[in-house]
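Read-outs throughout are calculated quantities, based only on the coordinates presented, and are distinct from any laboratory measurement. In this text the structure is predicted, and so the values were computed from the model without any measurement. With ideal geometry, Cβ positions are generated from the backbone for all residues, glycine too; neighbour counts draw on all protein chains shown.
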Amino acid sequence: MCNGSGGYAIVASHRALDEQEQVNFEFAGVHRSLEANGSSEIAKRTGARYGVREVNVTYNSLRTPLAITLTVTPF
């Protein structure tokens, strides 16, 4: 839920990815590949929103476990 009338951004924070590691993130039907640097913008939405959104994560060749933290930031 985000009550800000301007909208919000969702950012995924994670450890840096090696060249051969690939992680794909799906939020509400939109697909993004996570950035290697450890900070990836997943979505931007305008206006206030409320509801449940589906999230899926798929990966290939992870060398070590990966934790992903999502942050919702109004703008």
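For the range 58-72, a tally of residues being surrounded by 13 or more Cβ atoms within 10 Å (Cβ to Cβ) and β-branched (Val, Ile, Thr) returns 2. The single residue among 40, 33 that is touching a Phe, Trp or Tyr at 6+ places or on another chain (Cβ under 9 Å) and loosely packed, with under 12 Cβ neighbours inside 10 Å turns out to be 33.
Might you let me know whether the range 4-12 holds any residue that is in contact (Cβ under 8 Å) with a residue 12 or more places away in the chain and on the phi > 0 side of the Ramachandran plot? Yes; the residues of the range 4-12 include at least one that is in contact (Cβ under 8 Å) with a residue 12 or more places away in the chain and on the phi > 0 side of the Ramachandran plot.
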